[in-house]
Amino acid sequence: MNALGQRIARLIEAQGPISIAQFMTLALHDPQGGYYATRDPFGARGDFVTAPEVSQMFGEMLGLWIAQSWHDQGKPDARLVELGPGRGTLMSDALRVIRQLMPEFLKRVEIVLVEASPTLTAIQKKALTDAGANVRWSVQFDGALADKPLFLLANEFFDALPVRQFVKTERGWCERMVVANDSVLDFALSPEAIPNAALPPSRDGAPPGAVYETSPAATAIVQQVAETIARRGGAALIVDYGYGAEAGFGETLQAVAAHKYASVLDAPGDADLSAHVDFAALAQTAREAGAAPFGPVPQGEFLEALGIVQRAATLARGKLGSVPEIDGQLERLILPDRMGALFKALAILPPGARPPAGF
Ligand code: SAH
């Protein structure tokens, strides 16, 4: 067990079992040993590769979408927020397109990057020094970002938010917790069941052993984003891997290190932890907050509708990469057996808005 694992075991021995959500928060964000807090996880030599790191085309398409949405809403003074910007690649590619198409955007829109990790914030600052835009950072999304029209991008952010898991037993729904036995971390069910009313009615009649996984943090953020867009205007685009239709009775929490699945509990902070995003639940939250959700649509269809195939041809003609290289990147982003179908895009617009580009 690594140092963070030992610390978590001592904490549990002193205070009792912790929820999976608390465990994820420590494993991802502990200032000394947390996964995101202490490293740059992206790229071929890192642990995983995200769409903006596959190709500049991804950020360019998202930049186009934002520019179009801002234009459609009458070019207001506004804020563009990115949640969990990683290396800053997506924002840098998006701003390049926006600057070419609508230079006035950069004068009228303040850019805020929401990032918890000091390591990644430093990398983002470097990536965006020449962006020619008014950029600032915040460690969380909160009410301070709710006073203007809100344009928002999030790629592989919601999958990194903590989840809670409930398992159907003969006693009712019990929360899956992390316990420590002789300093070794393990899962165990809470002895007390939670009230049935705490779960959505669609979970009634679930078979024993069924798992209900939910991310209260994701719900809370989408609620604030959707309320702001409903009240002030704007548009959000959330891209992630996850379920489209209502989530099933399975658990999806996974650990990944060096491009392979790893153990969730054995070495906290050394592997990325993530879970499928429940898009149906996020869309429902947005609707209840008074906004208009669209999608989710598969990432491949979304990017094709925005013109990524034409963009790839232009890049190849301009010799901005070899043809096989650009074709390979394009296939990785859009083919259904690559990132094109598991990854999905969800848009949130003001009430009554027409479907945005790609939806
Ligand atoms: N969007 C980037 C990075 C995805 S990884 C890309 O596509 O490459 C997840 C990102 O979200 C990282 O930057 C991570 O540090 C950040 N993050 C995760 N949980 C967070 C939280 N609770 N608050 C703020 N940022 C968070």
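For the pair THR119 and SER183, what calculated FRET efficiency results from E = 1/(1 + (r/R0)^6), where r is the Cβ-Cβ distance and R0 = 30 Å, to the nearest 0.05? Don't skip to the end; give the middle numbers.
Working: r = 28 Å, r/R0 = 0.94.
For R0 = 30 Å, the calculated efficiency reads 0.60.
Tell me the per residue accessible area of segment 1-159 using a 1.4 Å probe; a whole number in Å² is fine.
That works out to 40 Å² per residue.
Can you return the aspartates and glutamates within cross-link range of LYS126? Criterion is Cα-Cα under 17 Å, with same-chain partners fewer than 8 residues away left out.
ASP40, GLU53, GLU82, ASP93, GLU115
Carbon and sulfur atoms: what percent of the 1.4 Å accessible area of segment 286-359 do they account for?
With neighbouring chains kept in place, the figure for segment 286-359 is 55 percent.
If contacts are Cα pairs under 8 angstrom and at least 6 residues apart, what is the relative contact order of the chain in percent?
So the answer I get is 20 percent.
At what distance in nm do the modelled label points of VAL309 and ASP72 sit from each other, each positioned 7 Å from its Cα along Cα→Cβ?
Output for this residue pair reads 2.2 nm.
Cut-off 11 Å, label point 7 angstrom out along Cα-to-Cβ of GLU110: give me the residues of segment 126-141 whose amide nitrogen falls inside.
Counting backbone N atoms under 11 Å from the label point, the list is 135-137.
For segment 220-359, with the dipole built from +1 on Lys and Arg beta-carbon atoms and -1 on Asp and Glu ones, taken about the Cα centre, which of ILE229, VAL264, GLY300 lies farthest toward the positive end?
The listed residue farthest towards the positive side: ILE229.
Quick one: putting +1 on the C-beta of Lys and Arg, -1 on the C-beta of Asp and Glu, what dipole do you get for the chain around its Cα centre, in Debye to the nearest 20? Kindly include the intermediate steps, with their values, before the conclusion.
Numbers: 31 positive and 40 negative charges, 218 e Å.
Charge dipole of the chain: 1040 debye, to the nearest 20.
Loop-only check: which trypsin sites (Lys or Arg not before Pro) in segment 300-346 are DSSP coil with at most 16 other Cβ within 10 angstrom? Please list the in-between numbers first.
Values: sites: ARG311, ARG317, LYS319, ARG332, ARG338, LYS344; in loops: LYS319.
Of the trypsin sites (Lys or Arg not before Pro), the ones in loops of segment 300-346 whose Cβ has at most 16 other Cβ atoms within 10 Å are LYS319.
Please work out how much length the chain gains when fully extended from GLN223 to ARG99, using 0.36 nm per residue of separation minus the C-alpha to C-alpha distance, in nm with one decimal.
Contour length minus Cα-Cα distance gives 41.6 nm.
What residue among ALA271, ALA236, ALA220 shows peak mean-square fluctuation when the chain is described by a Gaussian network model with Cα springs under 10 Å?
Taking springs between Cα atoms under 10 Å, the residue moving most is ALA220.
Working with all protein chains in place, sort GLU170, GLU288, GLU213 by solvent-accessible area computed with a 1.4 Å probe, largest first.
On the way: GLU170 185, GLU288 135, GLU213 25 Å².
Final ranking, largest accessible area leading: GLU170, GLU288, GLU213.
What is the angle, in °, between the Cα long axis of helix 56-72 and the longest principal axis of the Cα atoms in the chain? Nearest 10 is fine, range 0 to 90.
So the helix axis and the longest Cα principal axis differ by about 70 degrees.
PRE reach from ALA245 (point 7 Å along Cα→Cβ): which of segment 279-293 fall under 20 Å by backbone N?
279-285
Below 30 Å, Cα to Cα, which lysines can LYS125 reach? Residues fewer than 8 away in the same chain don't count.
Once the sequence-local lysines are set aside, what remains near LYS125 is LYS75, LYS107, LYS148, LYS260, LYS319, LYS344.
The values are calculated or read from the model by the stated rules, or taken from the named source; none is laboratory data. Everything quoted here is computed from the prediction, not taken from an experiment. Heads up, the Cβs are rebuilt from the backbone with ideal geometry, glycines too, and the neighbour counts pull from every protein chain shown. To get the accessible areas, we keep the full protein, side chains included, count just its heavy atoms, and leave off ligands, DNA and RNA. Shrake-Rupley method; radii C 1.70, N 1.55, O 1.52, S 1.80 Å.
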